[in-house]
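In what follows, a structure is listed as structure tokens, so that the remarks can point back to it.
Only the coordinates and a few stated rules stand behind these numbers; no lab work does. Please read all numbers here as calculations on a predicted model, not as lab measurements. When we count neighbours, we look across all protein chains shown, and the Cβ atoms used for this are built from the backbone with ideal geometry, even at glycine.
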Amino acid sequence: MIILLKKNADETQVENLKSLLKSKNIEPHVSKGSMQTLIGCVGDVAHIDPSLIEALDVVESVQRIQEPYKAANRKFHPEDSAIDCSGVKVGAGSFAVIAGPCSVESEEQIVGIARSVKAAGANLLRGGAFKPRTSPYSFQGLGADGLKMLSTAKRETGLGIVTELMDFRDIELFNDVDVIQIGARNMQNFNLLKEVGSYTKKPILLKRGMSATLQELLMSAEYIMASGNPNVILCERGIRTFETTLRNTLDLGVVPALRRLTHLPVVIDPSHATGYAYMVGPVAVAATAIGADGLIVEVHNDPPHAKCDGIQSQTPAAFAATMEKVLATRALVSSWEA
Ligand code: PEP
Ligand code: MN
């Protein structure tokens, strides 16, 4: 349910309305737009009679929301949300590029790559310390040591860190992390979503599950938001289809589709979406042109010897060439209407 307020609504009346809603176990989310202020109601609104709310002096009208996601819904928050990642904004007109290796392999590797991607214009550093691998015999990541190496790279370059949390028991190791990634395989790990949402307000990069619908992706974002963390960035990384030539199938149409459904920023991962380094540049440019709020790109100094995802990793030189094209594209097409 959303409550549209009258223009010039009196502050005390708005506060009274919020208290009334809270007394009925409804969490009010006030969204002040340039044209109008509205209150999005999260909770069980079935027992609330809209005509009683509509009768109040400050209220212009009341609308029921059909979609099961509320806080993530653009109807609740008509303006785009910008998510602040330790000073780097993503969304609402701000575009950011996250780059780095699939996994942290050594201090020398992560610091070197951090320097190259920063020089090419990246805004944040990625690197997995805890890796979700299909095989238990594959490299699982350096864990806590990997996080320390990421911190060193952050100190050396000033780039904020984006890295994946697989298990909530590791959360205390993530103090120096700027953006917590929830990977595709954990998109519907509802306990992890609830735990992370109630523990921290750090931005969460939520990757779409490989067989998840957009509605399911938004419901997962809703879990994090309903637990208390509104700072969610959605990431499309391709889904599994009958096609096997590419690692995954990327439908860039999700960018305008999500823009209409939600106010949350959308980042594209051209590396996992395609699986091949030669496709990453063109897909990154296409994602930028269609209005993505950012990119997350895998970059490795020595892709043939990478411990994880070498085939899809760009070299620093290829990434720098991609960045030039991405930034030129961004200058041409900065936003599309929702
Ligand atoms: C990754 O970012 O390295 C990763 C494992 O991504 P995804 O969860 O999209 O597969
Ligand atoms: Mn990877």
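Leaving out same-chain residues fewer than 8 places away, which aspartates and glutamates sit with a Cα under 16 Å from that of LYS22?
ASP44, ASP49
Report, ordered by chain and residue number, the lysines lying within cross-link reach of LYS307, taken as a straight Cα distance under 18 Å and ignoring same-chain residues fewer than 8 apart.
In chain and number order, the partners are LYS131.
Taking the chain as the reference, fit the longest principal axis to its C-alpha atoms, fit the long axis of helix 214-226 to the helix C-alpha atoms, and give the angle between the two in degrees, 0 to 90, nearest 10.
Tilt relative to the chain: about 70 degrees.
Would you mind classifying the range 280-329 by shape? Square roots of the alpha carbon gyration tensor eigenvalues, ordered a ≥ b ≥ c; an a/c under 1.5 is rounded, otherwise it is prolate if a/b is larger than b/c and oblate if not.
Verdict is prolate for the range 280-329.
Determine the gain in length on full extension of the stretch GLU27-SER151; use 0.36 nm per residue of separation and subtract their C-alpha separation, reporting nm with one decimal.
Result for the pair: 40.9 nm of gain on full extension.
With only Lys, Arg, Asp and Glu charged, each at its Cβ (+1 for the first two, -1 for the last two), find how big the charge dipole of the range 2-63 is about the Cα centre; round to the nearest 20 debye.
Roughly 140 debye for the range 2-63.
Please identify the cysteines of the chain that lack any partner cysteine with a Cβ under 4.7 Å from their own Cβ.
CYS41, CYS85, CYS235, each lacking another Cys Cβ under 4.7 Å.
What's the extension gain from LEU56 to GLN215 if we count 0.36 nm per residue and subtract their Cα-Cα distance?
53.9 nm
Roughly how many whole Å is it from the C-alpha centroid of the range 253-269 to that of the range 300-334?
If we compute the Cα centre of each part, the gap is 22 Å.
What percent antiparallel are the DSSP beta bridges of the range 83-337, to the nearest 5? Intermediate results must be reported in sequence, preceding the final value.
Values: 5 of 32 bridges.
Just about 15 percent of them are antiparallel.
What full-extension length gain, to one decimal in nm, is calculated for GLU172 and LEU20 as 0.36 nm per residue of separation minus the Cα-Cα distance?
My answer for the length gained is 51.0 nm.
With a ≥ b ≥ c the root eigenvalues of the C-alpha gyration tensor of the range 146-244, is it rounded (a/c under 1.5), prolate (a/b larger than b/c) or oblate?
Taking the square roots of the gyration eigenvalues as a ≥ b ≥ c, the range 146-244 is oblate.
Between beta-carbons, use under 13 Å as the cut-off and find the net charge around PHE168, counting Lys and Arg +1, Asp and Glu -1.
Counting the neighbours of PHE168, the net charge comes to -3.
Could you tell me whether the range 83-337 comes out rounded, prolate or oblate from its Cα gyration tensor? Rule is a ≥ b ≥ c as square roots of the eigenvalues, rounded for a/c under 1.5, then prolate if a/b exceeds b/c, otherwise oblate.
rounded
So which lysines can LYS325 reach, going by Cα to Cα under 21 Å and dropping same-chain residues fewer than 8 places off?
LYS89, LYS118
Please give the calculated 222 nm ellipticity per residue for the chain, where each DSSP H segment of at least 4 residues contributes -39500 (n - 2.57) and the sum is spread over every residue; nearest 500 deg cm²/dmol?
-10000 deg cm²/dmol
Using only Cα atoms, find the angle between the long axis of helix 11-23 and the longest principal axis of the chain, and express it within 0 to 90 degrees, rounded to the nearest 10.
Roughly 80 degrees between the two axes.
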